[in-house]
Amino acid sequence: ACGAEDGEKAAGPSGAPAPKTVTLVSHDSFNASKEVLAAFTQQTGFTVKVLKSGDAGEAVNKEILTKGAPQGDVFFGVDNTLLSRALDNGIFVPYEAKGLDRVPAAYQLDKEHRVTPIDSGDICVNYDKKYFADKKLAPPVTFDDLAKPAYKDLLVVENPERSSPGLGFLLGTAAKYGDDGWQDYWSKLKANGVKTVDSWELAYNQEFSGSAGGKKAKGDRPLVVSYASSPPVEVLYGEPQPKEAPTGVSTGTCFRQTEFAGLLNGAKNPEGGKALIDFLISKKFQEDMPLQMFVNPVAKDAALPELFTKHGVVVGKPETMAPEKIAEKRDPWIQQWSSLVLK
Amino acid sequence: MAAPVAFFALFFAWPVVSIVERGLRVDGAWQFGRFGETLSRPEILDVLWFTCWQALASTGLTLLIALPGAYVFARFDFPGKGLLRAVVTVPFVMPTVMVGTAFLALVGRGGLLDGLWGVRLDTTVWAILIAHVFFNYAVVVRTVGGLWAQLDPRQEEAARVLGASRWRAWRTVTLPALAPSVAAAALMVFLFTASSFAVVQILGGSTYSTLETEIYRQTVVRFDLTTAAVLTMVQFAAVGLVLVVHARTVRRRETALKLVAPEQTARRPRGAGQWALFAGVLLSVALLIVLPLGVLVERSFATSHGYGFDYYRALRTPDPSGTFLVPLLDTIGNSLRYAVVATLIALVVGGLAAAALTRRAGRLVRGFDALLMLPLGVSAVTVGFGFLITLDEPPLDLRASWILVPLAQALVGVPFVVRTMLPVLRAVDERLREAAAVLGASPWRAWREVDLPLVRRALLIAAGFAFAVSLGEFGATVFIARPDSPTLPVAVARLLGRPGELNYGQAMALSTILMVVCAVSLLLLERLRTERTSGEF
Amino acid sequence: MLRLDGATVRFGARAALDAVDLEVADHETVCVLGPSGSGKSTLLRAVAGLQALDGGRVLLGGADQRGVPVHRRGVGLMFQDHQLFPQRDVGGNVAFGLRMHGAGKAEQTERVRELLDLVGLPGAERRAVSALSGGEQQRVALARALAPRPRLLMLDEPLGQLDRGLRERLVVELRQLFGRLGTTVLAVTHDQGDAFALADRVVVMRDGRIAQSGAPVEVWSRPASEFVARFLGFDNVVAARVTGAVAETVWGKIPVPDDAPQGERRLLVRPGGVRIVPVEEAPAWTVESRTFRGSHVVVRLRPADGPPLDAELPLREVPGEGAEVGVDFRTEDVVVLGDDTP
Amino acid sequence: MLRLDGATVRFGARAALDAVDLEVADHETVCVLGPSGSGKSTLLRAVAGLQALDGGRVLLGGADQRGVPVHRRGVGLMFQDHQLFPQRDVGGNVAFGLRMHGAGKAEQTERVRELLDLVGLPGAERRAVSALSGGEQQRVALARALAPRPRLLMLDEPLGQLDRGLRERLVVELRQLFGRLGTTVLAVTHDQGDAFALADRVVVMRDGRIAQSGAPVEVWSRPASEFVARFLGFDNVVAARVTGAVAETVWGKIPVPDDAPQGERRLLVRPGGVRIVPVEEAPAWTVESRTFRGSHVVVRLRPADGPPLDAELPLREVPGEGAEVGVDFRTEDVVVLGDDTP
Ligand SMILES: Nc1ncnc2c1ncn2[C@@H]1O[C@H](COP(=O)(O)OP(=O)(O)OP(=O)(O)O)[C@@H](O)[C@H]1O
Ligand SMILES: Nc1ncnc2c1ncn2[C@@H]1O[C@H](COP(=O)(O)OP(=O)(O)OP(=O)(O)O)[C@@H](O)[C@H]1O
Ligand SMILES: Cc1ncc(C[n+]2csc(CCO)c2C)c(N)n1
Ligand SMILES: [Mg+2]
Ligand SMILES: [Mg+2]
């Protein structure tokens, strides 16, 4: 029943002859094309079994709960906002992946190599091109722009407490205006009519005037916090595919998210796990990634697909923040933010 | 009795107790101090207060609107009744995300109300309450209607000739007889709405939050297991309190009733009053249920160049990025398979439990009865995390096994089965069983020959519930379902989580398919009911 | 008070009430008799408005009751199967109608006490109805129907499960009560004794129609048809040719009243009108069986030819089984029957 | 076949069965009579095992039945309130017991047909039980109880809702049937006529105890106590001082049988034993009321002093209401009663 048995028997307990399956635990958004995974099997002899474990936060928490007896060998999908929590709880063991030299040092946030950077993406404000064209108004570019009267009542953001792009945007403003400056900025945003909803889905599909769902729901916000990769995806999933993306990115409003993978403490197949981490930063996987998960590769030698080069944007100077600082400030900031914006 | 107890101990009590213990005992020290601390925080008290009153209000509103519906379904005969009964159950399977969207189209900006009167209810508590009615209409119609259709109409006649008006006769005679099933329905609605998550999140904006959202936040976002455990204990206490109140009210009302075959109680509406009631119920169903669902259907056909089947066609072709390893249509098969297995588990476990609980016995049995209801009132995250830290050793390393999905779904299905069957089983006159015994039937045979035919209707209703619940279940499935066999709601959620018109359209199309699959399955189940009974007659 | 005009109720093809015309005067007590399934209960339900008519009308106090809801008709009905409310205790059941009519608490208590006394269940107020014996339940149902003092009270087998002593007492007390209150009563019973004792008029039903209607003595002494005769328990019916005051039958020549209709007829001899005499002329009658019936014995006599004849004899006059006896008929107990089309 | 040894059933403080000893022989038909609430149904339920005993034993075929489950006792029981299975049609109800005993399809069909013929409901197999009249339901219940041919058949008011004609036919046919099959029968009825016609022996119950047990004629002609006498409908009971063959009462001197017990006693005069004679000696009796009872009229006579006296008279001998008459007693209908402690 349910056809899930196959391949599982191979994953015997340790002690048995080297298992032929390596299990990758990840969040819901993980995707890889079949050919690429098949190539890994061909190279190493290991088959990959993927377990999706809820959204990113949920997935990390689960690994913490099952520390020592993990569900798999490798975990992929811990980002800089969650990294400290993962590292402090010791769910990973160090492994320096082969080919790490091709990854810029800026991405390598853990000097002990307990985690390996795999991809990066930027959380940025997106705008509805048609709206600004119709209004003959220049779309905003920077954080400061968003607080200007010209853009009053145009922006919808996600609640950082309940949504990861929401949190990214908050961290971006904090990085930009400083630990004690962002509150002022948000007061201005609030005065400028920022709207908050609970999830990306609601913001993007309901409130944002530039998306298909938003159009149907008569969404009236031409600015939304989303990803820098959203416009190319709009093209990819256009029906029919448009020549040009209907949305654009305000490149001065971005916060960089980097996702890492690591070898799990207590993995039953550490050999396979190591091989898999090597593979995740290989050119093949890195080039497959953008169209699967709509993120940017971290390996310098990985070429971006045409879709990204044509419709994507280059974010020159995204905001960033150290994971330790995020871990420390996240809760108090969210609380401050709530009383500032929601009340 | 042993089987249901084992099932619950293993798949509910143990995981939940473990996760709570993990939260409450940090480095070997119990953190009881956190109770006082947590419970004195004003925002937590706000959450508690809101959770309770909105659940009570939702339950009251649902009963108010759905009881006339239960009457119409139980006592009137009209063409398309089976279809309509299936349709009102469809909301039950709908992923709440979709429902939120649909409701926003009704009560939100540019929605029906906005267009007609310029009224917007989104981010008000009314939107939440109405959506809760939408979700739980079928709970009342099915649980109460099941018993109602089998009540002897002559009881009401007896009241009428003693001078009671139609309404008075209903209130003084029928309602007390229905009390156990009304209480069961109210209990389920209360537990559902008290643990409402997505509806509150979507329709309430960021303003409202319930205990459930708070637990989710503490567990998943903040990873503060201690606070989560404290809140879970509060949830337990609250649910326990509700269960005690329920047991109290019901115990006094349970009486043996004269049950008749449901086929003989329904007839066409007669007279202006009955037609008006009938029309009113149809109207409320149309407004509350058909319209929101209709919005989703409409959107699944509305492409950028007029209406068409484009999104449905897209479901058949592989995803341009290859995201889904299987064509989206295969998710229907996955969903159905899970749902069937979950329904079977729920029926077996719930049926056994209901049979054991029929004979009103001591405190222990009552306690077990209450325990069976807990899964409805306990956060899915709590159970899910509990699974993870308990079912991790062979032979019970089920963490990555497909069986965990139907098991988790059955956990929600079992209370339905028990609560729909018990009011009927307990109303069966003991002397009918005695009649079977003196005719040579052993107790087991008597159960099969007397109780089973009488509860078969309730059983099928319960099966419908269990099926619908697992078809639409999301919370548990989403983190267990394997990527190569996602269920329909999981696929919908993944589609909605991405930008792009095609994703949005396909999500709508898939939701529409989910509705149709649900309605058709329930209709088939109804067919089963009429065919079997006509054999009996 | 009550009038039925061609009242018809059909269940599928079968008519449970077939164009019934019936009138019940104010303060009259009418008993409906009839075999099982003849439509008695259906008649009461139709009057109460619980059973929609397929034809005809029901009038109460001269007003057509079409469209008048049950509770506005001012009629009371005691159901054949009681239909006590299981959620209420005895007192709650009896007081129900009073409550519906807005009686005060004190009045309710008082009246419930009175009625429970009447039906022989004093002090049973707080008992659960499921813990009552069959007859006790019937008495509670009776008390419940009596409580609101409806202008037309309909009773469906009100005393069927009671023993003779209690029944006789109740018949007397009910008659007095109805007389005092001026209640109009339409009661169904299968017990002819009850019917005759309670009723001003009896109505005999057959297959949804009224076969005979009249004062008890009248129906008893002059059954209109063989059906009514047999229904009253008279099985001594035989074909006869009536000429003057004598009827010729297979049982021999039988004296009939002077004004009897003449010609080919059916003839009824009431068992009480058969006397045993010494054998005078052959062929003699043989005593086939004897059934003890309490105050009398029914002796079945087999003639040489023709159907058997039942004789009701006092215990002391009963001949032995197998004895050969002669038979004599008392004219007053011989009835020439009418046509047997109901 | 069946023996009860001090069987006791208590509901709260009240004993519904109070140390009942009873024996029913193989092939015997015993009828249980008694006022409403006297414990008749409880007796049957105790034998069937549906009601746990608080004391005493039930033996079937010599074996103590304690701990034997209901369905293994091999007894049949027809419930007073029928308890037909609502979800099954008439045929399904009647066939139920046969099915439980593993009868084949063909046998079931055949036997259901037979039994429905017997109870006068031919062809009713496919009808819904809720669409039956009260009497029809009772007959289905009877057929259902008869179907599996239990060795001990218990019937609780099997004919209570049927009209006299049908009842008399059924009594005869049931008697024949039981004779043919050798069934042992324990039947409850409130109708003395039925009891006397059906039973080899009658048992009169009072408040959970057996007040008298014996052959019908015996019980009828020599009620053991005032209770039994009154229960049988004899209200002419009076205090008397018996000396030789004469009893002195407020009604005057009454002749009693020669062997009557002597001294202060209660005396029963059966209404049939009262004859009206012309007034001979003052004070005369006054005719207080007359109740028409079908084959006879009950005339209530009021003496100058003492309780009233009922006389059962043929219609033609009834004096007018208010008439002054004399009274004569027939010795055979005078019974000197025993002690009235049940
Ligand atoms: N379950 C019960 N709980 C309490 N009392 C009961 C119960 N069942 C019967 N009784 C009482 O026991 C007594 C005997 O009841 P039972 O049913 O045996 O009477 P019965 O002789 O069959 O009377 P009837 O002729 O009216 O049916 C009655 O007074 C009744 O009220
Ligand atoms: N709901 C129904 N559907 C079909 N037939 C019915 C229904 N109710 C009664 N009948 C039939 O109508 C006829 C008359 O029924 P009714 O109950 O009036 O009889 P009754 O004279 O009261 O008989 P009884 O003395 O047995 O109670 C019966 O043959 C019965 O089977
Ligand atoms: C407030 C509320 N939300 C959702 C549902 C629908 N529902 C009932 S059971 C179930 C499965 C998960 O528990 C789902 C989705 C409801 N009835 N009430
Ligand atoms: Mg009837
Ligand atoms: Mg009884």
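Rule-based calculations on the coordinates, nothing more; no lab input. For clarity, every value in this text was computed on a predicted model and none was experimentally measured. FYI the Cβ positions are ideal-geometry reconstructions off the backbone, even for glycines, and counts take in every protein chain you see.
The dipole here belongs to region C:2-226: it is taken about the Cα centre, uses +1 on the Cβ of Lys and Arg and -1 on the Cβ of Asp and Glu, and is about 600 debye. Amide H contacts of D:Val185 (H built 1.01 Å from N, in plane; Pro and chain starts excluded): D:Glu28, D:Thr29, D:Val30, D:Leu153 sit under 5 Å, all sequence-distant by 5 or more or on other chains. For region C:1-109, the Kirkwood estimate of hydrodynamic radius, built from reciprocal distances between every pair of different alpha carbons, is 15.6 Å. Pairs of Cα atoms nearer than 8 Å and 6+ residues apart set the relative contact order; for chain B it is 24 percent. Would any residue of region B:91-105 have its amide N under 14 Å from a label point 7 Å out along Cα→Cβ of B:Leu291? List them or say none. Flagged as within label range: B:102-105. With unit charges on the beta carbons (Lys and Arg positive, Asp and Glu negative) and the dipole taken about the Cα centre of chain B, which residue among B:Leu203, B:Leu523, B:Ala272 sits farthest to the positive side? Of the listed residues, the answer is B:Ala272.
Proximity of backbone amide H atoms, modeled 1.01 Å from N, is registered between D:Glu157 and D:Val188, D:Thr189 at under 5 Å, excluding neighbours fewer than 5 places apart on the same chain.
Over all directions, what mean area does the Cα convex hull of region B:2-533 project, stated in square nanometres? For region B:2-533, averaging the hull's shadow over all directions gives 27.5 nm². In terms of other Cβ atoms within 10 Å, A:Ile334, D:Ile210 run from fewest to most in the order A:Ile334, D:Ile210. Computed 3J(HN,Hα) for region D:107-118, one whole-Hz value per residue from the Karplus formula 6.51 cos²θ - 1.76 cosθ + 1.60 where θ = phi - 60°, is 4, 4, 4, 4, 6, 4, 4, 3, 5, 5, 4, 4, glycine and proline marked x. Partner lysines whose Cα lies under 26 Å from the Cα of B:Lys81, excluding those fewer than 8 positions away in the same chain, are identified as B:Lys258. About its Cα centre, the protein assembly as shown has a charge dipole of approximately 2700 debye under the convention of +1 per Lys or Arg Cβ and -1 per Asp or Glu Cβ, with nothing else charged.
Net charge near A:Asp153: determine it from the other residues with C-beta under 11 Å of the C-beta of A:Asp153, scoring Lys and Arg +1 and Asp and Glu -1. Before the final figure, lay out the partial values.
Numbers: positive: A:Lys152, A:Lys195, A:Arg221; negative: A:Asp220.
Once all neighbours under 11 Å are counted, the net charge is +2.
3J(HN,Hα) along region B:252-262: 6, 9, 6, 9, 5, 10, 7, 9, 10, 5, x Hz, from the Karplus curve 6.51 cos²θ - 1.76 cosθ + 1.60 with θ = phi - 60°, whole Hz, x for Gly and Pro. When DSSP beta bridges are restricted to pairs lying wholly in the protein assembly as shown, around 70% turn out antiparallel. For the pair C:His101 and B:Lys81, label points projected 7 Å from Cα toward Cβ lie 3.6 nm apart. Positive contributions from Lys and Arg (+1) and negative ones from Asp and Glu (-1), summed over other residues with Cβ under 12 Å from the Cβ of C:Leu198, come out at -2. Near A:Asp55, the amide H atoms lying under 5 Å from its own belong to A:Asp28; only residues 5 or more places off or on other chains count, and H is placed 1.01 Å from N. Assuming R0 = 56 Å, can you tell me the calculated FRET efficiency for the pair C:Glu23 and B:Met233, based on Cβ-Cβ distance, to the nearest 0.05? For C:Glu23 and B:Met233, the calculated efficiency is 0.15. Contact order, relative form, for region D:1-114: 23 percent (alpha carbon pairs under 8 Å, 6 or more residues apart, mean separation divided by residue count). Coupling constants for region D:199-212 follow from the phi torsions by the Karplus curve (6.51 cos²θ - 1.76 cosθ + 1.60, θ = phi - 60°), and in residue order they are 8, 7, 8, 10, 10, 9, 9, 8, 6, x, 10, 8, 8, 7 Hz; glycine and proline get x. Once both labels are positioned 7 Å from their Cα atoms along Cα-to-Cβ, the gap between C:Ala284 and A:Ala106 label points is 13.7 nm. For region C:55-157, the dipole from Cβ point charges (+1 on Lys and Arg, -1 on Asp and Glu) about the Cα centre works out to 400 debye, to the nearest 20.
Other residues lying with their Cβ under 10 Å from the Cβ of D:Pro35 contribute a combined charge of +2, Lys and Arg counting +1, Asp and Glu -1.
Result for chain C in a Gaussian network model with C-alpha springs under 10 Å: among C:Val188, C:Val219, C:Val299, the largest mean-square fluctuation is at C:Val299.
Determine, from the Cβ-Cβ distance of C:Asp200 and B:Leu241 and an R0 of 45 Å, the FRET efficiency 1/(1 + (r/R0)^6), rounded to the nearest 0.05. Efficiency for this residue pair is about 0.10.
Ordering C:His101, B:His246 from the fewest to the most neighbouring beta carbons within 10 Å gives C:His101, B:His246. Taking a straight Cα-Cα cut-off under 25 Å and skipping sequence neighbours fewer than 8 places away in the same chain, the lysines within cross-link reach of A:Lys188 are A:Lys129, A:Lys135, A:Lys136, A:Lys148, A:Lys152, A:Lys176, A:Lys317, A:Lys325, A:Lys329, A:Lys343. Normalised by the number of residues in chain A, the average gap of Cα pairs under 8 Å and 6 or more apart makes the relative contact order 26 percent. Placing unit charges on each Cβ (+1 for Lys and Arg, -1 for Asp and Glu) gives the protein assembly as shown a dipole about its Cα centre, and among B:Ala158, C:Leu268, A:Leu100 the Cα reaching farthest toward its positive end belongs to A:Leu100. Distance between the pseudo-spin-label points of C:Arg113 and D:Glu110 (7 Å out from Cα toward the beta carbon): 6.5 nm. A dipole drawn for chain C from +1 and -1 charges on Cβ atoms has a positive end, and of C:Leu177, C:Ala124, C:Pro283 the residue lying farthest that way is C:Ala124.
Taking every Cα-Cα distance in chain C and sorting them into 20 Å bins starting at zero, the pair-distance distribution P(r) comes out as 27, 47, 23, 2 percent.
So what does log10 I(q)/I(0) come out to for region D:193-286 at q = 0.14, 0.21 Å⁻¹, using the Debye formula with one equal point on every Cα and no solvent? For region D:193-286, the Cα-only Debye profile gives -0.62, -1.12.
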